[in-house]
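The values are calculated or read from the model by the stated rules, or taken from the named source; none is laboratory data. None of these values were measured; they are calculated from a predicted model. Counting neighbours? That spans all protein chains shown, and the Cβs are built from the backbone with ideal geometry, glycine included.
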């Protein structure tokens, strides 16, 4: 039992979870006990479903030591495409539209993967270009117009408040990723490449293929997030979710994913994403003046990362000291 | 081989740059530019449409009017655009400003280069422009919004405002005027403004802010959102929840058609806007009148044009000697006319 506890407290996820619960309680007190309501928690997940979903793909990319900042561009392009399909009366089939958006994302991701793995272009440069290309494409196909709530009416019922669609997608995605990262050979290969690319290559892992797969999965999730965004916000706009890629990366980093690759877990990413979502949700609620909210958000994020690193180090030291005795 | 490739690429780039310049500006006559707030917003697109329509109707050659949508709704993006317009040497720039003060230095540069500056939609500091095409007088808009809040709330109760960014010029002017109106007339004494929230014209943030308003103020009756993205996001939140809180503000008819109606199932009984096409047209006429010397930007100047309220007279901006041109009173959209207007813009 004692060793189990020790093992548990040595984990990054545990310290993060403790910080998060503390924060949740403080916010709840500040809000007069309204923060832990079912509706509020539901809203937290629904309004941050896109960040949570894409953070899974970002986890893979970061694990290989890469980065993908084109995701919101891909999201806008796929979302805008299906928005326009509805606007022009092509189809209103929810399943088909989700499939199309995901397929578009998959192709965008595949292109990123090929350029990075085969073209040996650094991931940040490649995806920077891709970010502008897909965002630009979203503007071009939209002709500077939106697909409005009326255009996507019916389809938007899927992500409507009170419907379980978005939660199911999130749940399934997280379970799939937990299984994949823990028990599939692909998951282990991703970790192997991130920890030591050369060693992974020598031991017979096809590094290029894994890298391509990682960016393709990221793209697919971004495309899926595009479909989800149109559904949740009942509107497709070419500038939708601009800048949110940073939220996704931040969620991963808060969750303990290393920017240099090889370290990070699905559970940590989930916690990081939820942490971020709570901050987003809480700031307008606790009675802070609006113009202060960005500043406070930045301070909280930095503080949590620092606190987490410090507690981690303390725990490690403690564990080491115990071992010496 | 590498050298050859380099040379070939350089030549290609130069050709590309040259071809991008055509059709060039005909320097023998006046040339005009419109700078909107950002790309990707149908409202700005409609302004551009009105501007272009007038340019064509007035016989300005295609190369002599330039319409620029900056890639983001930021000052930096607009500064870049204006810098390139200065080097192209246009005669007149009409701009919908993303910030009242931050554009000052670049606009002074433009003025020094002999360029005439007109603002539309969102003004800059008055000394940096000749006149301002005001979509609707600040007080008229504020009065309409306050009356709507008063009417929908039933004369008393709590209301909140969901704005765009905290430094958006026109939103802030309307909100200040709303506060002044409610403070000065005892008719509105039972209305309480609980909060001004900022959704930054982002869907996700506007959604969070709307949900926060609902959670924080259980007695809230009305939300007033004087911004197109904010009102659409708030309308969606309220309608999905089946909330008893009602919405009004300024929004695009096509984006809001789904949410406007008098029954409990719709979140917005009515809202207002002006016609952005007409605003773009007015800016175009004002630009031409300035370039041709028919007006100089002084209060009291008048000019005629092919629009409903013509002739237009330049009136003084409240508390200053600077001029503005007011397009007309804001237009009300409700269940009786929304279907028709949703098709227009």
Scope region A:200-253; condition assigned to a loop (DSSP other than H, G, I, E, B) and more than 21 Å from residue A:132 (Cβ to Cβ); matching residues: A:203, A:204, A:205, A:206, A:234, A:235
Lone unmet requirement of (1) within 12 Å of chain A (Cβ to nearest Cβ); (2) in contact with a strand residue (DSSP E or B) (Cβ under 7 Å, 6 or more places away or on another chain) for residue B:149: (1)
Considering residues of region A:29-40 that are buried (at least 17 other Cβ atoms within 10 Å of the Cβ) and closer than 16 Å to residue A:274 by Cβ only, the residue farthest from the other protein chains (Cβ to nearest Cβ): A:35
In region B:77-116, the residues that are assigned to a loop (DSSP other than H, G, I, E, B) and farther than 16 Å from residue B:297 by Cβ: B:89, B:90, B:96, B:97, B:98, B:99, B:100, B:101, B:102, B:103, B:113
Boolean, residue B:162 is within 12 Å of another protein chain (Cβ to nearest Cβ), touching a helix residue (DSSP H, G or I) at 6+ places or on another chain (Cβ under 8 Å), assigned to a strand (DSSP E or B) and closer than 17 Å to residue B:146 by Cβ: yes
Unmet requirement for residue A:163, which otherwise passes all of (1) over 20 Å from residue A:83 (Cβ atoms); (2) more than 21 Å from the chain's Cα centre (by Cα): (1)
Enumeration of residues in region A:227-246 that are farther than 20 Å from residue B:231 by Cβ and in contact with a strand residue (DSSP E or B) (Cβ under 8 Å, 6 or more places away or on another chain): none
Test: residue in region B:188-208 that is surrounded by fewer than 20 Cβ atoms within 10 Å (Cβ to Cβ), away from chain A (no Cβ under 14 Å) and free of Cβ contacts under 8 Å to residues at least 12 places away in the same chain: yes
Subset of region A:83-110 [farther than 12 Å from residue A:227 by Cα, surrounded by fewer than 24 Cβ atoms within 10 Å (Cβ to Cβ) and modelled with pLDDT of 95 or more]: A:106, A:107, A:110
The one condition in (1) in contact (Cβ under 8 Å) with a residue 24 or more places away in the chain; (2) part of a helix (DSSP H, G or I); (3) assigned by TED's automatic domain parsing to the domain that holds residue B:36 that residue B:142 fails to fulfil: (3)
Members of region B:248-264 that are without any contact (Cβ under 8 Å) to a residue 60 or more places away in the chain and more than 13 Å from chain A (Cβ to nearest Cβ): B:263, B:264
Test: residue in region B:106-118 that is in contact (Cβ under 8 Å) with a residue 40 or more places away in the chain, crowded, with 19+ Cβ neighbours inside 10 Å and within 14 Å of chain A (Cβ to nearest Cβ): no
Qualifying positions in region A:189-199 - part of a helix (DSSP H, G or I) and touching a residue at least 12 places away in the same chain (Cβ under 8 Å): A:189, A:190, A:191, A:192, A:193, A:194, A:195, A:197
Residue satisfying all of: in region A:280-296; assigned to a helix (DSSP H, G or I) and surrounded by fewer than 18 Cβ atoms within 10 Å (Cβ to Cβ); farthest from the other protein chains (Cβ to nearest Cβ) among these: A:296
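State whether one or more residues within region B:152-159 are in a helix (DSSP H, G or I), more than 30 Å from residue B:27 (Cβ to Cβ), within 17 Å of the chain's Cα centre (by Cα) and at pLDDT 90 or above.
No, that holds for no residue.
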Condition met for residue B:308 (at pLDDT below 90 and under 20 Å from residue B:96 (Cβ atoms)): no
Selection count, region B:250-290, where residues are crowded, with 20+ Cβ neighbours inside 10 Å and over 14 Å from the mean Cα position of the chain (by Cα): 19
All positions within region B:110-127 that are touching a helix residue (DSSP H, G or I) at 6+ places or on another chain (Cβ under 6 Å) and at pLDDT 90 or above: B:110, B:113, B:116, B:117, B:118, B:120
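Yes/no per residue for (1) at pLDDT below 95; (2) more than 14 Å from chain B (Cβ to nearest Cβ):
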position	(1), (2)
A:146	yes, no
A:157	yes, no
A:199	yes, yes
A:205	yes, yes
A:214	no, yes
A:221	no, yes
Residue count for region A:13-28, restricted to those that are within 14 Å of another protein chain (Cβ to nearest Cβ) and farther than 19 Å from residue A:273 by Cβ: 1
Some residue of region B:65-72 being crowded, with 19+ Cβ neighbours inside 10 Å, within 14 Å of chain A (Cβ to nearest Cβ) and closer than 20 Å to residue B:291 by Cα: yes
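For every residue, the table says whether it meets (1) more than 18 Å from residue B:132 (Cβ to Cβ); (2) assigned by TED's automatic domain parsing to the domain that holds residue B:117.
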site: B:251; (1), (2): yes, no
site: B:265; (1), (2): yes, no
site: B:306; (1), (2): yes, yes
site: B:313; (1), (2): no, yes
site: B:320; (1), (2): no, yes
site: B:340; (1), (2): yes, no
site: B:345; (1), (2): yes, no
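Going residue by residue through region A:254-265, is there one that turns out to be part of a helix (DSSP H, G or I), away from every other protein chain (no Cβ under 14 Å) and touching a helix residue (DSSP H, G or I) at 6+ places or on another chain (Cβ under 9 Å)? Steps first, please.
Step one: list which residues in region A:254-265 are part of a helix (DSSP H, G or I), which gives A:254.
So of that shortlist, the ones also away from every other protein chain (no Cβ under 14 Å) come out as A:254.
Now narrow it down to the ones that are touching a helix residue (DSSP H, G or I) at 6+ places or on another chain (Cβ under 9 Å): A:254.
Looking for residues that are part of a helix (DSSP H, G or I), away from every other protein chain (no Cβ under 14 Å) and touching a helix residue (DSSP H, G or I) at 6+ places or on another chain (Cβ under 9 Å), one finds at least one in region A:254-265, hence yes.
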Test: residue in region A:64-82 that is surrounded by fewer than 24 Cβ atoms within 10 Å (Cβ to Cβ) and within 14 Å of chain B (Cβ to nearest Cβ): no
Residue check, residue B:71 free of Cβ contacts under 8 Å to residues at least 40 places away in the same chain and part of a loop (DSSP other than H, G, I, E, B): yes
Output for region B:25-40, where each listed residue is more than 10 Å from the chain's Cα centre (by Cα) and either buried (at least 24 other Cβ atoms within 10 Å of the Cβ) or more than 14 Å from every other protein chain (Cβ to nearest Cβ) (or both): B:25, B:26, B:27, B:28, B:29, B:30, B:31, B:32, B:33, B:34, B:35, B:40
Total residues in region B:329-343, condition in contact (Cβ under 8 Å) with a residue 40 or more places away in the chain and surrounded by fewer than 19 Cβ atoms within 10 Å (Cβ to Cβ): 8
